[in-house]
Amino acid sequence: MRVRPRLLAVLLAGGVAAATMSVPSAVATDGALHATGRTSNGQWVLDVPRDFNGTLLLWSHGYTFTPVGASNSPTMATRDALLARGFGLVGSSYAGGGAGWAVREGVRAGIEAVGIAKRRIGARRVESVLAWGNSLGGLITQTLAERRPRLVDGSAPLCGVLAGTNRNLDLALDVAVGVKRFFHRKLKLRNFRSRAQAQANFDAASAAIMAKLADPATQAGATGRVLGLAALTGASAKTKTYSGTSTTSSVAAATESLLTALNYGTLGRYDIEQRVGGNPSTNRGTDYRKRVTKAATARFTAFGFGAGLLSAYAQTLETHGKRVGAETPARKAAARLGNPTGDLSDPTVTMHTVHDPLVIVQNERVFAQRVRRQGDDALLIQLFIEPPPYTTDAPYGAGHCNFSTEQYVAVVRALDGWASSGSRPRTPELAALFAPQPGALDLDYKPARWPAR
């Protein structure tokens, strides 16, 4: 079996893209108002249709490696579809261009953008404000909603980092520890001196994995280690490009998912370490043997490997995997960069692809548990998007924030209807909203547990 090398060109050409990118603003077709500007919190863009329905949508964009301009929706097609339904749209880049783990900057920019929009539109015309965002923008959305509940009337954190900064970065550390042990012993795990050093570490580790998968002499062992590490870390079994319908496709999907996490755990880690003044992550106290669950074992043995081999991989990580301790001040500072409490004040609708190689879908389970502990279950609806059968690129449901225009519009309509009427949408109503793409909305899906610590 040979793994297709298509991944290599994408993953080694400057790193994996970490999230949905911002789109440039343009004048809305037949729009009554289009305005842009810049403040110390970033560039902003506002579009309001002539038949404004009274609902203002505040968009927060996702993680980017480089500065971006203002955007007020995930895609131009989504923007146009929402304007056609009467929604007003406002969004902002963040201070410094919005690159990196800019949660604090994103919250500040969102608060200011709402104020700007109300002044431009007329406060009396704005009947409700709904916050929404993708990926890191989902974390920004939920953080803003929890910290400033009177500012918004509902929120839709999409494909969001809802288990928080530290939990996700800890899991990325687990992936890096596995890659270091099984593929590239020289991999540096923390305290990068520069972005260039982080990039070099990612590049070298990626090249080592791909070389071992491509070499007939090491391919079988490397395949087992990739699939085993993916199972032990809860990595996505499918991606936008790889459907997991064959062994070759499954290995490619696992490889892409692991390298995506490794990219976050090196280049993303460097950015976060600069923001918090040190390393916030730890795997001390983690028992990797607890990761050998029934689900992980079934996933691994489906490829013909024995269950004992997965246990052996876990024991190797437990015994010989590098242990890293967090710097307490840095960990506390990272927690302040986004760690949703689940204390909801307004209707909240999340949406996640079932197969997300960057922000794993298990984030939703952690968030739901926190909401439940707060006693706010009635204010939360979680939606999960399954991909249709695919052999090349999935149109939706597999990949990070891989939603269609119709799905973006549907989640906004569901939240808007709930916030304006006070009536929680029922299953038939949700199914009807997502009906343009039958089967995409999986109302019975339950995310797996977060990988055991």
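Taken together, 398, 394 contain a single residue that is in contact with a strand residue (DSSP E or B) (Cβ under 6 Å, 6 or more places away or on another chain) and within 28 Å of residue 252 (Cβ to Cβ), which is 398.
Of the residues making up segment 49-78, those that are within 29 Å of residue 271 (Cα to Cα), in contact (Cβ under 8 Å) with a residue 40 or more places away in the chain and of a type in the set (Ser, Thr, Tyr) are 60, 63, 64, 71, 73, 75. Scan segment 23-37 and tell me whether some residue there is modelled with pLDDT of 95 or more and surrounded by 20 or more Cβ atoms within 10 Å (Cβ to Cβ). Looking through segment 23-37, none of the residues is modelled with pLDDT of 95 or more and surrounded by 20 or more Cβ atoms within 10 Å (Cβ to Cβ).
Return yes when residue 323 is part of a loop (DSSP other than H, G, I, E, B) and of a type in the set (Lys, Arg) and no when it is not. Taking the combined requirement at face value, the residue satisfies it. The residue pairs whose first member lies in segment 195-224 and is charged (D, E, K, R), whose second member is at pLDDT below 95, and whose beta carbons are closer than 7 Å, counting only pairs six or more residues apart or on different chains, are 203/12. Filtering segment 342-362 for residues that are assigned by TED's automatic domain parsing to the domain that holds residue 156, in contact with a Gly (Cβ under 7 Å, 6 or more places away or on another chain) and in a helix (DSSP H, G or I) leaves a non-empty set. Of everything in segment 115-139, what is more than 24 Å from the chain's Cα centre (by Cα) and in contact (Cβ under 8 Å) with a residue 12 or more places away in the chain? Give them in sequence order. Across segment 115-139, the qualifying residues are 116, 117, 118, 120, 121, 125, 126, 127, 128. I'd like to know if segment 33-43 contains one or more residues that are outside any loop (DSSP other than H, G, I, E, B), closer than 27 Å to residue 402 by Cβ, polar (S, T, N, Q) and free of Cβ contacts under 8 Å to residues at least 60 places away in the same chain. Looking for residues that are outside any loop (DSSP other than H, G, I, E, B), closer than 27 Å to residue 402 by Cβ, polar (S, T, N, Q) and free of Cβ contacts under 8 Å to residues at least 60 places away in the same chain, one finds at least one in segment 33-43, hence yes.
Within the set 70, 18, the sole residue that is modelled with pLDDT under 95, buried (at least 23 other Cβ atoms within 10 Å of the Cβ) and not β-branched (Val, Ile, Thr) turns out to be 18. Scanning segment 74-97 for residues that are closer than 22 Å to residue 119 by Cα, buried (at least 20 other Cβ atoms within 10 Å of the Cβ) and in contact with a Ser or Thr (Cβ under 9 Å, 6 or more places away or on another chain) gives 79, 82, 83, 87, 88, 89, 91, 92, 93, 94.
For segment 183-204, a residue qualifies if it is in contact with a Ser or Thr (Cβ under 8 Å, 6 or more places away or on another chain) and in a helix (DSSP H, G or I), and the qualifying residues are 198, 199, 201, 202.
Being at pLDDT 95 or above and farther than 26 Å from residue 410 by Cα holds for only one residue in 79, 85, 120, 125, and it is 120. Look through 289, 269, 275 and report the one residue that is closer than 30 Å to residue 154 by Cβ and assigned by TED's automatic domain parsing to the domain that holds residue 170. Being closer than 30 Å to residue 154 by Cβ and assigned by TED's automatic domain parsing to the domain that holds residue 170 holds for just one of 289, 269, 275, which is 275.
For segment 274-291, the count of residues that are out of contact with any Lys or Arg (no Cβ under 7 Å at 6 or more places or on another chain), crowded, with 19+ Cβ neighbours inside 10 Å and under 15 Å from residue 179 (Cα atoms) is at least one. Can you work out which of the residues in segment 404-451 that are aromatic (Phe, Trp, Tyr) and assigned to a helix (DSSP H, G or I) is surrounded by the most Cβ atoms within 10 Å (Cβ to Cβ)? Among them, the one singled out is 408. Of the residues contained in segment 250-264, none is found to be in contact (Cβ under 8 Å) with a residue 12 or more places away in the chain, surrounded by fewer than 21 Cβ atoms within 10 Å (Cβ to Cβ) and under 30 Å from residue 98 (Cα atoms).
Residue-wise test of (1) within 15 Å of residue 74 (Cβ to Cβ); (2) outside the structural domain of residue 156 (by TED's automatic domain parsing); (3) of a type in the set (A, V, I, L, M).
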{"residue": "399", "(1), (2), (3)": "yes, no, no"}
{"residue": "404", "(1), (2), (3)": "yes, no, no"}
{"residue": "408", "(1), (2), (3)": "yes, no, no"}
{"residue": "425", "(1), (2), (3)": "no, no, no"}
{"residue": "445", "(1), (2), (3)": "no, yes, no"}
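The values are calculated or read from the model by the stated rules, or taken from the named source; none is laboratory data. Computed from a predicted structure; not experimentally measured. Counting neighbours? That spans all protein chains shown, and the Cβs are built from the backbone with ideal geometry, glycine included.
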